[in-house]
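Enquirer: Dumping the structure here so I can ask a few things about it.
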Amino acid sequence: MYADRLAKLHASPNQGVIVLAGGGASALAQLLGASGASGTLLEASVPYSASALKDFLGQAPLSSVSAETARSMAAVAFQRANDLDPHAAERNFGLSITAALTTNRARRGADRAYIALHCQQVSYLRSIEFTKPEHKGEDEAPPATRDQQEAVLCHEILGLLSQHMEIEWPAAEFSVVYESRTDWVQAPLDWQQVMVKAKNSNQSGSASNCLFPGAFNPVHQGHLLMKTVAEQLTGLTVDFELSIHNVDKPCLDYFSIKDRTQQLRAHGNTVLTNAPTFIEKARIFPHATFVIGIDTLLRIDQSQYYGSDSRRDAALAELTALGIQFLVFGRLNEGAFLGLDQVEISAGLAARCKMVPEAIFRQDISSTTLRANAAQAADTTRPGRL
């Protein structure tokens with residue numbers, strides 16, 4: 001059915017890593033079964049269990065089957081492709097599939113799938129939802145089988161890959177009723193350069209001497225108040241710093257970058273970097289003051305993020321040599337306010353810190369809590385399984 005199109009796919013210079021969970025195995029089989037697959041597929045991975053997906057992403061997603069999870073999987077797959085062939089970043093892609101297809105287990109929500117593709121130039125998301133009849137009558141077709149849904153998913157996966165490679169993909173008719181929608185974000189050149197760490201492009205946008213690093217997912221009033229207080233205490237304009245890579249979280253795709261920079265735009269300048277650690281940030285912004293929370297400060301002092309105590313000590317010494325300062329905000333921890341007086345950190349790091357008193361700032365809110373609440377609200381409004 002797909003032989004001639006698969007030949008064109010494999011003749012394309014594009015290559016990548018495919019990761020799938022919950023569906024899409026037939027598309028992978030189609031790709032592998034056609035001659036020339038080694039020119040397209042660098043690696044394939046199936047992190048099916050919750051623990052495997054957590055290991056692949058670097059953290060447990062709020063939902064295994066969601067648009068955000070699929071996009072994060074594709075972004076990680078793209079970075080893996082660049083690790084495997086770092087000289088072909090402009091041709092590499094990461095393709096992901098996460099699906100909840102028909103099953104013999106009780107499950108909330110419609111049968112659905114998300115297909116994401118991320119590369120240097122663009123991020124795609126294809127959302128698929130299978131429609132189920134509200135009432136089964138004598139003349140109505142039975143519910144779709146898993147094989148029927150998998151056939152649809154195979155067609156849509158190969159279709160999205162063909163769209164990316166600018167190869168015409170034929171329409172097809174299926175007995176399964178479903179809806180498919182494709183969205184994409186085309187990246188400006190400066191984002192692309194930061195994404196692949198092109199020479200002299202570790203940042204996008206000019207920066208002040210005071211930066212507020214964060215994931216900002218989402219931006220909340222605590223962030224904005226921290227920025228205001230930091231500007232009052234330092235007398236400097238505070239710029240937001242958003243890194244594509246994060247030590248503890250999945251890397252960002254262009255949907256995430258667009259969403260978060262748009263959220264931040266009304267509140268100040270945002271600098272986009274590819275600097276997940278503070279030593280990398282410090283090398284880009286020497287003599288800067290970084291606005292951070294106490295939990296971030298504790299991570300800066302932990303040797304696990306450096307690989308050894310000696311590497312941590314060397315990094316902290318370099319932060320001092322680069323003239324880095326930290327303006328530290330406390331936060332609630334197990335019912336008590338946590339500040340510099342309540343933690344133990346290296347003396348050299350403590351000397352680079354100034355604590356914001358609790359009397360000036362106290363906001364017991366986090367982006368993690370807001371995301372969890374939003375996910376729970378979305379789950380309760382999703383139609384139940386028939």
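Bear in mind that the values in this text are calculations on the coordinates, not laboratory data. On a predicted model such as this, the values are computed, not experimentally measured, just so you know. Backbone-built Cβ (ideal geometry, glycine too); neighbour counts: all protein chains shown.
Enquirer: What does DSSP give for the chain in terms of the percent of beta bridges that are antiparallel, rounded to the nearest 5?
Expert: Numbers: 29 of 59 bridges.
Percent antiparallel among DSSP bridges in the chain is about 50.
Enquirer: Oh, and also: What GluC sites (Glu not before Pro) in the stretch 210-309 are in a loop by DSSP, with at most 14 other Cβ atoms within 10 Å of the Cβ?
Expert: Details: sites: Glu231, Glu241, Glu280; in loops: none.
Here no GluC sites (Glu not before Pro) fit, given the DSSP loop and packing criteria.
Enquirer: Could you tell me the distance between the Cα centroids of the stretch 219-265 and the stretch 169-206, to the nearest Å?
Expert: Cα centroid to Cα centroid, the span is 22 Å.
Enquirer: Please give me, ordered by residue number, the trypsin sites (Lys or Arg not before Pro) of the stretch 168-216 that lie in loop per DSSP and have at most 12 other Cβ atoms within 10 Å.
Expert: Working: sites: Arg181, Lys197, Lys199; in loops: Lys197, Lys199.
Answer in residue order: Lys199.
Enquirer: Give the calculated FRET efficiency between Asn269 and Gln121 to the nearest 0.05, with a Förster radius of 30 Å applied to their Cβ-Cβ distance. Display every interim value, and only then the final one.
Expert: Values: r = 25 Å, r/R0 = 0.84.
That pair, Asn269 with Gln121, gives E of 0.75.
Enquirer: Could you list, in their original order, any pairs among Lys132/Lys258; Lys227/Lys249; Lys8/Lys54; Lys54/Lys281 whose Cα atoms are separated by more than 31 Å? Intermediate values should be presented prior to the final figure.
Expert: Values: Lys132/Lys258 34 Å; Lys227/Lys249 23 Å; Lys8/Lys54 35 Å; Lys54/Lys281 26 Å.
Exceeds cut-off: Lys132/Lys258; Lys8/Lys54.
Enquirer: Place the peptides 169-178, 59-68 in order of packing, highest mean first, counting for every residue the other Cβ atoms within 10 Å and averaging per peptide. Before the final figure, lay out the partial values.
Expert: Numbers: 169-178: 12.5, 59-68: 17.0.
The densest-packed peptide leads the list: 59-68, 169-178.
Enquirer: A further question follows. Once the Cα atoms of helix 367-381 and of the chain are each reduced to a long axis, what angle between those two axes, in degrees from 0 to 90 to the nearest 10, is obtained?
Expert: 30 degrees
Enquirer: Give the Rg/Rh ratio for the chain, taking Rg as the radius of gyration of the Cα atoms and Rh as the Kirkwood radius, to two decimals. Numbers along the way, then the final one.
Expert: On the way: Rg = 23.4 Å, Rh = 22.9 Å.
Value, to two decimals: 1.02.
Enquirer: Also: For the stretch 3-186, treating each Cα as an identical point scatterer without solvent, what Debye log10 I(q)/I(0) comes out at q = 0.08, 0.14 1/Å?
Expert: -0.25, -0.74
Enquirer: Quick check: the distance between the Cα centres of the stretch 1-59 and the stretch 315-360, to the nearest angstrom?
Expert: Between the Cα centre of the stretch 1-59 and that of the stretch 315-360, the gap is 45 Å.
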